[in-house]
Every structure is written in C-alpha cells, then in structure tokens.
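In what follows, a single structure is set out as structure tokens and then discussed.
The values are calculated or read from the model by the stated rules, or taken from the named source; none is laboratory data. These numbers were taken from a predicted model, which means no experiment stands behind them. Here the Cβ is made from the backbone with ideal geometry for all residues, glycine too, and neighbour counts use every protein chain on show.
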Amino acid sequence: MKRLTAVVYAAMSLCLAQSGQRAHGQAAPTAAGTLGTQTPSAVSAQQAANTPKNANALTWEHVKLRFEANNPQLKADQLSVDEYQAMEITAHLRPNPQFAGSADGLQLTPNHGVWTPLSGVQEQANVSYLHERQHKRELRTEAAKDTTLVNKDLHDNLIRTLEFTLRSAFVQTLQAKAVLKLAQDDLEYYDKIIGISRERFKAGDIAQVDLDRIELQRVQYESELQTAMVNLRTSKIQLIQLLNERTPVEQFDVDGQFDFSADVKDLEQIRQMAIDSRADLKAAIDQIEQSKAAHKLAWANGSTDPTFAAWWTYDGSYNNPNAENALGLSVTIPLRVFDRNQGEKKRTAIDIDKSQQLTEQARAQVFSDVDTAYAQVSSNVTLLKPYKDKYVQQATRVRDTVTFAYQHGGASLTDFLTAQSDYRTVQLAYLQLIGTYLTAASQLNEAVGREVIP
C-alpha cells in the first residue's frame, strides 16, 4: 500500500512539475530527468521507416516496375505466351500440295539379244492437294487464338500472385526498418537508465544486486537489436532476389508509407471490382470459349476431306496410240464409315461443361478471397485505432511514471522492469500490427486483382 501511494505521489509530482513549467512557458522535463524525449519509440520508428536514409531508395512503384522488367519467372512465362501466339500461325496454315514423279518400264536385262532399256519408259508427274471442308482452318485459328487469350490471362494472374509476394517482401522490409529503429531507441534509452542507476549505486541509493539486475536486462535489448538487424537484412535479400538485382544489401533500400488507413471501401463495391478485374476468373471465362471452339473443330474434323490429284504421263500405254502426252485426274474421298471423330466430339462437349463448372468455382473463390482479406483488413484497422489513439501513448506514460517513481524510491525494481517490458511489448505490437495491416491490404489487392488500398 505504501509503494502504491509512493507511485501515485511520484506521478502527481511529475504531472504538477510538467504543468507548472508549461504555465511558465518552459519545456516539461522528462520522466527520468535526463532520459530525453517522451515520444513513443514506435512512433519515431514509424517515422524513420517512412524517411529513407538512402537517396536511391526504391518506392513501391519503382520496385514493381523493376520486378516486371527483370523477374526471370515472369519473363519465362511471357515467352510461353509468345509460343502460343506463334502456334496461331501454324493453326492458320493450309495443307501443302504434294508432288510425285515416277518412271516405269525400264528394261533391266536383254531379251533375245535385244536390250533397249529406255525405249519403253513411261514417265509420270503427279500433283495432289487435300481440300479441307467445314472451315477447319478457320476453326483451328479460332481455337488457337482462344488458347493464347487464356494463357495471357494466366500470365496476368501470375503477375497478380507474384506481386503479392513482392508487396509482402516490401512490407516486411519496411517493418524490419521500423523494428530496428525501435530496438535502437530502446537500447539507447535503457543505457541512460543504466547510467543513472550506476550514479545512484555510487550514492548508496540502490544495492549492488539491483544494479546487477538492471545491467543484466541489457542482454535482452542487445538480443532484440541483433534479431532486428538480421530480419532487415533477410527481408532485403528476399526483395533483391525477386527483383533479380545484383545490388549489395548494404546499398539497397526502399521507401514507402509504413502506416495504416481507416478508410476502406464498401465490401459490395470491392466484390464487383474483383469480378471485373480478377485474371484467373477471366481465364476461366475465356476457357469456356476455347472449349466451344474446340468442340466446333471436333465436329469439323469429323467431316470428309477430298484429295484432288492431277498427273501428266509421257509415252503411256493407252488405247489411243496417239496419246504420247496424257493428263490424268482423280478425286479421293475417304469413306468415314467407322471413324467420324465421335470420341473427340464427346470429349469437347464434356469439356464445355467442365469449363463452365470451373468458372463457377473460380467466381466463388473470388468472393471467398475478397471476403477473407476484407475481414482481415477490417480486423487490423479495429485493433490499430486504439493502439494509435491510446495504447502507444499510455504505455509511454506508464513507463516514464514508473521510472520516475523508481528513481525516487516510490516503486520496486520489479515494477520498474515490468513497466519497461510492457512498454516494449506495446510498441513492438503496434509496429507488427501495422505490418500485418499492410500485408492484409496487399492480400486484399491480390484478391481484387487491382490496387484498392495503396
């Protein structure tokens, strides 16, 4: 009870001292007297993350442009789309005509002593051409173009998913920068506490064991600092890999707003934007058209294609002894009695139904993705508002008040260390929540297929 009274008295003394100095136009002293500004470390860390130290720091737009220009996976997938475009040329080609030359009637051995090998040779030149009916070439071209369109949509969908990975790495880098600044500020603040505690020990105000406990606590701050440095370096390496950059990690930096916005568009509006924008849904819809084109082509392939042929014969053995040069014509028509492409007709008909079902599944997936991401963003905004408006400042006041009370004998060492731990927990949680919000915003952008939250 006495300790609680002393803490309250210390807090009241601190408030009266601050209000008295503000009334005289003087700056209010800090809670510890020599511990510097009371600005919450999370706020200063957030500001540091928003202010790049490197003049060549990349913004999100710069990162996205470099990613689209340099990422090997995207470039390889674009080449696949180019391959499908080249296949359109093949689909539109007509069948080549066929040419055949022959010579018949060459005498191999003498007969009754007479050997005239070339006198009875019959020469023939043959040209044939397969005529495609039922617009097969046009239908092949249509099916090939639809296939290309589907793969373009899938390429856009790959960009959508990879940009989410890229944005997550970008956010992680901004968060790692903020957490590193927080760890540095906390260590700097705690070093000042250690310095004051050593002076108090020399003056006989605290025991050796209390000083040792305070100094041992520094290990936790050092550990957090090293962890933050490693996390920042790891985040940068991941981002550099996605960009296919060769910039040294020490010279690589990013610049972006590490903050949240409470303004979120209406869910129904976002759903409609997703239906209009999602590349995978477009691919599913275009796949229906491709299946229909393939079905029409299957029916066309079940029709009969005649082969027209013409040939010239020299010195043939005909009933007309004067027909030294003769012309022959023929038409070959396959009799499709058994094989009329029945299997492919049925398969492509089934494929249309399959594509329609997959489209419905894709549409349901869009709604699921949007609703899930929207709920996550809304939840993070709900948590962040009290942190920004209350908890961050409140944790700073509690830490400074307990520190002031401890230095004046009004609080125990346990109370002091607990207040320091609670302060760091709240500040770190605030930065982590901002990072979670930005990641959720990126997930919502991915779910919609376009940027709805910058």
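Of the numbered conditions (1) surrounded by fewer than 22 Cβ atoms within 10 Å (Cβ to Cβ); (2) over 29 Å from residue 448 (Cα atoms), residue 147 fails exactly one; give the number of that condition.
The number of the failed condition is (2).
Take the residues in segment 409-433 that are over 17 Å from residue 222 (Cα atoms) and of a type in the set (A, V, I, L, M, F, W, C); name whichever of them is nearest to the chain's Cα centre (by Cα).
Going through the qualifying residues, I end up with 433.
In segment 346-365, what residues are over 23 Å from the mean Cα position of the chain (by Cα) and either in contact (Cβ under 8 Å) with a residue 40 or more places away in the chain or not in a helix (DSSP H, G or I) (or both)?
Of everything in segment 346-365, those that are over 23 Å from the mean Cα position of the chain (by Cα) and either in contact (Cβ under 8 Å) with a residue 40 or more places away in the chain or not in a helix (DSSP H, G or I) (or both) turn out to be 347, 348, 349, 351, 352, 354, 355, 356.
Among the numbered conditions (1) surrounded by fewer than 16 Cβ atoms within 10 Å (Cβ to Cβ); (2) touching a residue at least 12 places away in the same chain (Cβ under 8 Å); (3) hydroxyl-bearing (Ser, Thr, Tyr), tell me where residue 368 comes up short.
If we test residue 368 against (1) surrounded by fewer than 16 Cβ atoms within 10 Å (Cβ to Cβ); (2) touching a residue at least 12 places away in the same chain (Cβ under 8 Å); (3) hydroxyl-bearing (Ser, Thr, Tyr), just (2) comes out false.
One line per residue, one yes/no per condition, for (1) among the aliphatic types (A, V, I, L, M); (2) closer than 23 Å to residue 429 by Cβ:
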| position | (1), (2) |
| --- | --- |
| 175 | no, yes |
| 178 | yes, yes |
| 194 | yes, no |
| 205 | no, no |
| 208 | no, no |
| 219 | yes, yes |
| 225 | yes, yes |
| 235 | no, yes |
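Looking at segment 174-211 only, could you name the residues that are among the basic types (Lys, Arg) and either free of Cβ contacts under 8 Å to residues at least 12 places away in the same chain or outside the structural domain of residue 227 (by TED's automatic domain parsing) (or both)?
202
Answer yes or no as to whether residue 409 is assigned by TED's automatic domain parsing to the domain that holds residue 188, out of contact with any His (no Cβ under 8 Å at 6 or more places or on another chain) and at positive phi.
yes
Determine which member of the set 184, 175 is of a type in the set (S, T, N, Q) and crowded, with 21+ Cβ neighbours inside 10 Å.
Values: 184 fails: crowded, with 21+ Cβ neighbours inside 10 Å.
Checking each option against the conditions leaves just 175.
With more than 21 Å from residue 263 (Cα to Cα), polar (S, T, N, Q) and buried (at least 17 other Cβ atoms within 10 Å of the Cβ) as the only criterion, which of 439, 401 stands out?
One residue alone meets the criteria, 401.
Which of the residues belonging to segment 267-305 are surrounded by 17 or more Cβ atoms within 10 Å (Cβ to Cβ), assigned to a loop (DSSP other than H, G, I, E, B) and more than 22 Å from the chain's Cα centre (by Cα)?
305
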